[in-house]
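To start, the structure itself, in C-alpha cells.
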Amino acid sequence: MNAGLEIGVAVGKTIFIIMFALSLGGLLTWVERKQSAVMQDRIGANRASILGLRVWGLFHIIADAVKMFTKEDFVPNTPHKFIHAIAPVLSIFFALLSFAVIPFGSSIVIAGHSIGLQVADVNVGILFIFAMMSVAVYGVVLAGWSSNNNYALLGGIRATAQMISYEITFGLTLVGVILIFQTLSMQEIVRAQGGLLFGFLPRWGVFLQPLGLLLFMTAAIAETKRIPFDIPEGESEIIGFFVEYSSMKFGMFMFADFIEQILVAAMVTTFFFGGWQVPYLGDTGFAFPWGTTWDLNTWMVESLRVAAFVVKVSFFCWLQMLIRWTLPRFRFDQLMNLGWKVLLPLSLANTLATAVIVLWVGR
Amino acid sequence: MGTVRVIHVSERRRTLTFWERTYLLEVFRGLVLTARHFFVNLWRHSLWLVGVKSGPPGAATFQYPEVRRPQSPRLRTLHRLAKRPDGTPRCVACMMCETVCPAFCIKIVAEEVDDSSIEKRPKSFDIDIGRCVFCGFCVEACPEDAIRMDTGITEIGALSRDGMVLNIETLLSLPPKSERGDKPVDFLQQQLVQ
Amino acid sequence: MPKLTIDDRTIEVPAGTTVIQAAEKLGIYIPRYCYHPGLSIAGSCRMCLVEVEKAPKLQIACYTFVTDGMVVRTTTEKVTIARQAILEFLLANHPLDCPVCDQAGECKLQEFYMQFGQYDSTLLENKLKKHKAMPIGPHIMLDSERCILCSRCVRFVDEVTKTHELGIFNRGDHSELLPVKGVTVDNAYSGCLADVCPVGALTDRDFRFKVRVWYLDKTESVCHGCARGCNIEIHSNRRRTHHNDGRLIARLKPRFNGEVNHHWMCDTGRYSYKSIESDDRLVQPLVRLTGKGQEKSDWTLALAQIDEQVTHQVGRSGVAAAAVIATPALSNEELWAARGLFLQGMKIEKIAHRCTPDPNGVEDSLLRKTDTFPNSFGANLIIGQPHTADPTVDTILEAAAAGKIKTMFVIGGGLLERYSTDLLREKLRNVETLIAIQTHRSVLTEMATVALPMTSFAEMDGSICNFEGRVQRYNQAMPPVGQSRPLLDTLADLANRWELKTAPRQPENCFAELAQNAGYFAGLSYETLGDGGVNPSRRSATAATT
Ligand code: SF4
Ligand code: SF4
Ligand code: SF4
Ligand code: SF4
Ligand code: FES
C-alpha cells in the first residue's frame, strides 16, 4: 500500500469517526431535551419549525446552533484573554482525539488492502485514552482560572479535584480488563471478546468484570462531570467554571460534554460489551451454539459489526441520559467520600481478585 | 378527598435500611421508574401519532396557545367593574379598594350624583395592571361587590406602560367569564384598538 | 374635694365634676355620643353607661356627678352588654351608608361599633326612610337617616351661636332632626356643626366627596383669618394627590384651645384655605426690564435685578425717597427680618404696617374680630413701637402719590382687602422702583419692577401674636406652591447681596433672635410656645400678682 493511499484512508477514517461523534453529539442535544421531557410526562421542545414543519422539535438543533453563533460573545475583563479563548477548544479537542483509538469495526478489504476500522490501532490505546482524559482537565481548570472570577475559579478547582480523584478508580478498573485480555490495544481487546464463555455466553467484559463495569461507569460519569457528579458546573445553583463564557465558547463546553458522553459510551461498549462484536457472528457468518450456521459475505459482516457498534454506543448514551435525569446531584463531601472511601478500595479489591483468578486460571 | 394523612416529621426522617444506604439498589429502582415513564409515554405518544387517541396522552402538559388549562372558578383574573341593571357602575367610589391595594395601583376620582339613593360614583377609575399583584384584596374589600376578578382574562399585555392602565370604560366593558364562555379575548388586540 | 375610684384607680377631683370628666383625667375613655365638653349636658344617648357601686342600675357617666367614695367600673360585662344594646338601638334605623358617607373613618358609630358592637343583628324590622342629602345651609349637608338624635347640633345652635335653626321634630322612631321650617343654617359658625355631629348626619358640603379622611395628614396651625388666631389643624392630602381636585389642603378643622377658640372656628376662617392653592397665586418671579414689559423670570435674575435697580434708585433719589410696607399678615419672624434689613440695614426710615381697617371685618361676642390681620399686635411690637415717627400705610401712599417716594417695597398680603385696585394704581403711579413680595397676583405685582412669590402660612413655620398678645406657633403643612420661597430666605439673600447683617433663615432661630432682642418675647422659644401658645402679657401679670 503506498503512502498516499494510506494517508487517504487515514483521513477518511478520521472524517468518519469525527462526523459520527459530532452528529451524534448534535443529536444528543435534542435527545437530552426530548428524553427528559418524555421521562417527565412533558412534550419537550417542539416549536422550532421550518415552513410549518416541526418534526418533533428536531429543528431545535439548528435553532440552538444559530442561537449559539449569533449571541454576543462576552469576554470578561481578564488578563488571560488568549487562555480564556483556548480553554473550550482544549476541552473539545482532547475529547475528540480519544476517538482515534476506538475501533468501530474489524477490518475491510478493499482492492487487496486490509483496512482496520479504527483511526489508529495504537498498541497502547488504553493508555492513550487515559492520557487524553487527563489532559482534558486543562480545558476546565484553565477556563476557571482565566475567567478572572472567583466562582469560576472555585468551579475549576472543584473540577480538578473531582477528575483527579476519579481518574484513579477509572484506571484501576481497567487494569482488570487489561489483566484478562492481556493487551493494551483496543482492537485486540475487542477481538478477545469474540469467543464464547461456557459455550454459549459471549466472552464480553461485562460477564468477566461485572463489578468493574459498575465502577467504570460511575468513575466515567464523574470524569465527564455529568449529573449526578456535575458539581464543577452546577449551572443554576453553585455556578461553575464556565460562568464567564457565552456564545459559541459556551457552546463548545456544552458540546464537549456531549462528545465525552459518547466517548464514555464507546469505551463501555469497547471494554465491556464486545465493541463491534455481534454475538455468534464470526468473520464468515453466524455460528449459533446449537449448531446452526448462517454464512454471510465480508461486507455484510462488517456492516453488521459497525451497526452493532453504533447501536451499542447509542444505547449507552441513552442510559447515561436516563441516569442524568434520574439522580440528584451529590454534595462535594459525598463525592469525595464515594471516590476515595468506596470506589477506590472496591476497584483495588477488584484488581486484586482479578489478578489472583487470572494467575490461578493461567496456571 | 377522604381521610387526611398526617405526616410527622419523624416519619419522614426514618433511618435508612442497609440496602438503601448502599444506594446502588435505589439507583436501580429510580432508573426503572424513569425508564418505565419513558417507555410508557413513548408508547402513548406513538399511539397518538398514528391517530389512536383513545388512550391517555403521553404528556401531562398543555400546549398553551392552542390548548388552554381549565381555570378554577376562584382564579383571580383581570378585574372588571360590575354594573347596575341600568348600566351605571355599581361602584360608589368608597375608596376601600384604593386604600387596601398593597400595590397602590388603583386611582379613583369620586363625583356626586343627583340620585340621593346613590349619592356618589366614580368619575374615573384607573387600575394600573402593570403594578397589580393580583392579590384580590380589592375584591375582598369592596362593600358593593362592584370590583370583581372573574373575567378569566390572564393574558394581559400592552405596548407601553400607559397601555397597562385600564380606565373605567374598559373595566365596565369587560364581561365575566361566565358570560363570555370559553371564547378567548385577545386583550392586547383590544388595547391596541382603543 | 371628693375622692373616687374608677376601675380600681383613685382620683381626687373638684366637686361638680362628672364621672366622664374624672375618668378622662385618669386617661379612661368612656364612649359617648351626646356629651360634648363645649355644650350643655343632655344625657340622651346612654352610650356612656357605667356601673356605679351601690347604684341599682347603670348610670350615665356624662351626667353623674362625683361623690366622695364613689366606686365606678367602666369595663364590666354589664357595661359591655349595655353598650352593645345601645349601639343596636342607635343603629336600628341607621342606613348602611358608610361607603358613601364622608364621616367614615372618623365616625364614632364606626369606632364604637368596632369596639363594642354586637355584630349579629337581631332586628327583623325594615329601616325607616328619612331625608337624604339635604342641603340645609351654604356649608352643611343633612342626612337625617344617619342622625342618632344626640342633639349636639341643636344645643350648638341654641347655646353657642344662639341662632336656633335646628330642632328635633316628630316622635318615637319618627323623630327627625330638621332645620326649623323656612330657615337656612347660615350662621357664621355653621361649619362647626359638621365637627359637632359625632356621625355622618351633618357633613361639610365643601369637603363633600373630595377625599377620604384616612388619607389626610394633620398639621397644627393657627388661622390667619382675623386677629383672634383660632387654633386649627390643617388637613392635607399629600399622599394621594389625584383626590381633592389635585389640591393639597383638603380642609381646616378647629383645634381645642381653652384660651382662644375653645372647640370652634368661624366659617370665614374655615374656608379661607382656598386662597392658598388658588389660581391667582404668584408662582414665579416677575421682572420688568427697562424699556420692556413685565416678564416671567427666575430667582437669580430677579434678585440681581432688585440689587441693581434698588441700588441705582436709592443712589439717585436717596434713602429718604424709599419706603417699605410690611403688612401684619407677616409672621413675627418675617417682620423681624424685614425690620433688620430695611430699618437697621438700609436705614429706610419709612417703614409702615398700619392700614385703614378692613371694611369687611366683623366682630361678635364669640370669636370673630374686626381686625382681619392675624398679626397686628406683633407688627406693632416689632415695626411700630421703637419708631416714633411711625408712618402708616396711608401716609406712605400719600407721599408716593405726591412723588416723594421713588423706591418702595410692598411685602405681605391684605392690602387689596383695604384699598381698591384703582386707588393703589393711582397712588403708586409715581413710584419708579416697586418691589412686591407677595403670595398672590394683584395690581401690586402687576405694577412691580420686580415681583417675588412668597410662601403662605401653610407652607412654612412661624409665629403670630393674636389681638390679646398671645404668641402662637404654626407649622408647615405643605411644600411651597410653585417657585415661591419663604420670605426669610428672600430677605437673607438680599441682605447678603448688599452685605448687610442677615436674620437667621430658620424661623425657629429667627424667633430666638427676636426673643433676645425684643423684650416682649423675652424667654420664649418655639419649644416653650408649644401647641397652645403663650401670652407674655398675662404671664407677667400673673408673675406680678404671685
Ligand atoms: S388585586 Fe391587589 S394589587 Fe391588584 S388592584 Fe386589587 S388590591 Fe390592588
Ligand atoms: S371598593 Fe368597590 S365600591 Fe368602593 S371604590 Fe372600590 S370598587 Fe368602588
Ligand atoms: S354616620 Fe358613620 S356609621 Fe353612619 S354611614 Fe356614616 S360613617 Fe357609616
Ligand atoms: S345631626 Fe348629628 S349632632 Fe345633630 S342630633 Fe343628629 S347625630 Fe346629633
Ligand atoms: S354621652 Fe352620656 S348619655 Fe350621651
Residues located in segment C:42-70, provided they are exposed (fewer than 15 other Cβ atoms within 10 Å of the Cβ) and of a type in the set (A, V, I, L, M) = C:55
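For residues that are within 14 Å of chain C (Cβ to nearest Cβ), outside any loop (DSSP other than H, G, I, E, B) and open to solvent by less than 30 Å² (accessible area, probe 1.4 Å), tally how many sit in segment B:143-182. Explain how you work it out, then say what you get.
Of segment B:143-182, the ones within 14 Å of chain C (Cβ to nearest Cβ) are B:143-147, B:165, B:167-168.
Checking the rest, the ones that are also outside any loop (DSSP other than H, G, I, E, B) come to B:147, B:165, B:168.
Narrowing further to those that are open to solvent by less than 30 Å² (accessible area, probe 1.4 Å): B:147, B:168.
Residues in segment B:143-182 being within 14 Å of chain C (Cβ to nearest Cβ), outside any loop (DSSP other than H, G, I, E, B) and open to solvent by less than 30 Å² (accessible area, probe 1.4 Å): 2 in total.
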Single residue of segment B:32-61 satisfying the filter (exposed (fewer than 12 other Cβ atoms within 10 Å of the Cβ) and not in a helix (DSSP H, G or I)) that is nearest to the other protein chains (Cβ to nearest Cβ) = B:60
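State which residue is nearest to ligand 3 (Cβ to nearest atom) when the search covers only segment C:111-134 and only residues that are within 21 Å of residue C:61 (Cβ to Cβ) and open to solvent by less than 80 Å² (accessible area, probe 1.4 Å). It would help to see each step written out before you state the result.
Of segment C:111-134, the ones within 21 Å of residue C:61 (Cβ to Cβ) are C:111-118.
From what is left, the residues that are open to solvent by less than 80 Å² (accessible area, probe 1.4 Å) are C:111-113, C:116-118.
Numbers: C:111: 9, C:112: 10, C:113: 7, C:116: 14, C:117: 11, C:118: 14 Å.
Ranking the qualifying residues of segment C:111-134, first place goes to C:113.
Anything in segment C:144-165 that is more than 10 Å from ligand 4 (Cβ to nearest atom) and away from chain B (no Cβ under 14 Å)? List them, or say none. Let's see the steps before the verdict.
Within segment C:144-165, the subset more than 10 Å from ligand 4 (Cβ to nearest atom) is C:145, C:158-165.
Hits for segment C:144-165 are C:158, C:159, C:160, C:161, C:162, C:163, C:164, C:165.
Does segment C:166-173 contain at least one residue that is in contact with a helix residue (DSSP H, G or I) (Cβ under 8 Å, 6 or more places away or on another chain), away from ligand 2 (no atom under 16 Å from the Cβ) and either within 14 Å of chain B (Cβ to nearest Cβ) or not hydrophobic (A, V, I, L, M, F, W, C) (or both)?
First, pick out the residues of segment C:166-173 that are in contact with a helix residue (DSSP H, G or I) (Cβ under 8 Å, 6 or more places away or on another chain): C:166-168.
Subset that is away from ligand 2 (no atom under 16 Å from the Cβ): C:166-168.
From the residues that got through so far, the ones that are either within 14 Å of chain B (Cβ to nearest Cβ) or not hydrophobic (A, V, I, L, M, F, W, C) (or both) too are C:167.
Checked against the condition, which is being in contact with a helix residue (DSSP H, G or I) (Cβ under 8 Å, 6 or more places away or on another chain), away from ligand 2 (no atom under 16 Å from the Cβ) and either within 14 Å of chain B (Cβ to nearest Cβ) or not hydrophobic (A, V, I, L, M, F, W, C) (or both), segment C:166-173 yields at least one hit.
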Pair list, Cβ under 8 Å, 6 or more apart: segment A:1-15 residue under 14 Å from residue A:99 (Cβ atoms), other residue modelled with pLDDT of 85 or more | A:14/A:100
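I need the full set of residues from segment C:6-30 which are in a strand (DSSP E or B), farther than 14 Å from residue C:73 by Cβ and either more than 14 Å from ligand 5 (Cβ to nearest atom) or open to solvent by 20 Å² or more (accessible area, probe 1.4 Å) (or both), in order please. Quick ask: steps written out before the conclusion?
So in segment C:6-30, the residues in a strand (DSSP E or B) come out as C:6, C:9-12, C:18.
Cutting the leftovers down to farther than 14 Å from residue C:73 by Cβ gives us C:11-12, C:18.
Passing the criteria: C:11, C:12.
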Could you grab the pairs with beta carbons closer than 7 Å, sequence gap of 6+ or different chains, first residue in segment A:241-260 and more than 17 Å from residue A:231 (Cα to Cα), second one among the polar types (S, T, N, Q)?
-> A:252/A:91
Counted residues in segment B:62-95 being over 30 Å from residue C:210 (Cβ atoms) and either within 16 Å of ligand 3 (Cβ to nearest atom) or open to solvent by 40 Å² or more (accessible area, probe 1.4 Å) (or both) come to 15
Residues (in contact with a strand residue (DSSP E or B) (Cβ under 9 Å, 6 or more places away or on another chain), crowded, with 18+ Cβ neighbours inside 10 Å and either hydrophobic (A, V, I, L, M, F, W, C) or within 14 Å of chain B (Cβ to nearest Cβ) (or both)) located in segment C:71-110 | C:72, C:79, C:82, C:86, C:99, C:100, C:101, C:102, C:103
Of (1) open to solvent by 60 Å² or more (accessible area, probe 1.4 Å); (2) within 14 Å of another protein chain (Cβ to nearest Cβ); (3) assigned to a helix (DSSP H, G or I), residue A:311 satisfies all except one. Which?
-> (2)
Every listed condition ((1) at pLDDT 85 or above; (2) in a helix (DSSP H, G or I); (3) more than 14 Å from chain B (Cβ to nearest Cβ)) holds for residue A:5 save (1)
Within segment A:214-234, can one find any residue that is of a type in the set (Phe, Trp, Tyr), surrounded by fewer than 21 Cβ atoms within 10 Å (Cβ to Cβ) and touching a residue at least 24 places away in the same chain (Cβ under 8 Å)?
-> no
Unique match (being in a helix (DSSP H, G or I), open to solvent by 40 Å² or more (accessible area, probe 1.4 Å) and within 19 Å of residue A:93 (Cβ to Cβ)) among A:62, A:18 | A:18
Neighbours by Cβ (under 9 Å, 6+ apart or cross-chain): first from segment B:101-128, at the interface with chain C (Cβ under 9 Å from one of its Cβ atoms) and in a loop (DSSP other than H, G, I, E, B); second open to solvent by less than 70 Å² (accessible area, probe 1.4 Å) and within 16 Å of ligand 1 (Cβ to nearest atom) | B:104/B:98; B:104/B:128; B:104/C:240
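Considering only segment C:131-143, how many residues are within 12 Å of chain B (Cβ to nearest Cβ) and in a loop (DSSP other than H, G, I, E, B)?
Going residue by residue through segment C:131-143, those that are within 12 Å of chain B (Cβ to nearest Cβ) are C:131-135, C:141-143.
Imposing the further condition that a residue be in a loop (DSSP other than H, G, I, E, B) reduces the set to C:131-133, C:143.
Looking only at that region, the number is 4.
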Would you please name the residue that is farthest from ligand 3 (Cβ to nearest atom), looking only at residues in segment B:117-142 that are over 26 Å from residue B:74 (Cβ atoms) and open to solvent by 50 Å² or more (accessible area, probe 1.4 Å)?
-> B:123
Check segment C:229-251 and report whether any residue there is farther than 30 Å from residue C:490 by Cα and not in a loop (DSSP other than H, G, I, E, B).
-> yes
Can you run down the residue pairs with Cβ atoms below 6 Å, 6 or more apart or on separate chains, where the first is in segment B:37-52 and touching a residue at least 12 places away in the same chain (Cβ under 8 Å) and the partner is among the β-branched types (Val, Ile, Thr)?
-> B:41/A:38; B:42/A:38
Taking segment A:98-137 and keeping only residues that are surrounded by 17 or more Cβ atoms within 10 Å (Cβ to Cβ), among the hydroxyl-bearing types (Ser, Thr, Tyr) and out of contact with any strand residue (DSSP E or B) (no Cβ under 9 Å at 6 or more places or on another chain), one is left with A:98
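For segment C:139-158, give me each residue that is more than 15 Å from ligand 3 (Cβ to nearest atom) and within 22 Å of residue C:100 (Cβ to Cβ).
Just the residues of segment C:139-158 that are more than 15 Å from ligand 3 (Cβ to nearest atom), to begin with: C:139, C:151, C:154-158.
Listed by number, the list holds a single entry, C:139.
Could you list all residues from segment A:114-143 that are part of a helix (DSSP H, G or I) and among the small types (Gly, Ala, Ser)?
The answer is A:125, A:131, A:134, A:136, A:139, A:143.
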Of the conditions (1) open to solvent by less than 30 Å² (accessible area, probe 1.4 Å); (2) more than 14 Å from chain B (Cβ to nearest Cβ); (3) part of a helix (DSSP H, G or I), the single one that residue A:275 does not satisfy is (3)
Spot the failing condition for residue B:75; the list is (1) at the interface with chain C (Cβ under 9 Å from one of its Cβ atoms); (2) in a loop (DSSP other than H, G, I, E, B); (3) hydrophobic (A, V, I, L, M, F, W, C), and only one is missed.
-> (1)
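Residue-wise test of (1) closer than 28 Å to residue C:128 by Cβ; (2) buried (at least 19 other Cβ atoms within 10 Å of the Cβ); (3) out of contact with any Leu (no Cβ under 8 Å at 6 or more places or on another chain); (4) modelled with pLDDT of 95 or more.
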position: C:177; (1), (2), (3), (4): yes, yes, no, yes
position: C:190; (1), (2), (3), (4): yes, yes, yes, yes
position: C:201; (1), (2), (3), (4): yes, yes, no, yes
position: C:222; (1), (2), (3), (4): no, yes, yes, yes
position: C:231; (1), (2), (3), (4): no, yes, yes, yes
Please verify whether segment C:56-64 includes one or more residues that are touching a His at 6+ places or on another chain (Cβ under 8 Å) and away from ligand 1 (no atom under 16 Å from the Cβ).
-> no
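The values are calculated or read from the model by the stated rules, or taken from the named source; none is laboratory data. As the structure is a prediction and not an experimental result, all values here were calculated from the model. In this analysis, Cβ positions are derived from the backbone assuming ideal geometry, glycine residues included, and neighbour counts consider all displayed protein chains. Heavy atoms of the whole protein, side chains included, go into the accessibility calculation; ligands, DNA and RNA do not. Shrake-Rupley method; radii C 1.70, N 1.55, O 1.52, S 1.80 Å.
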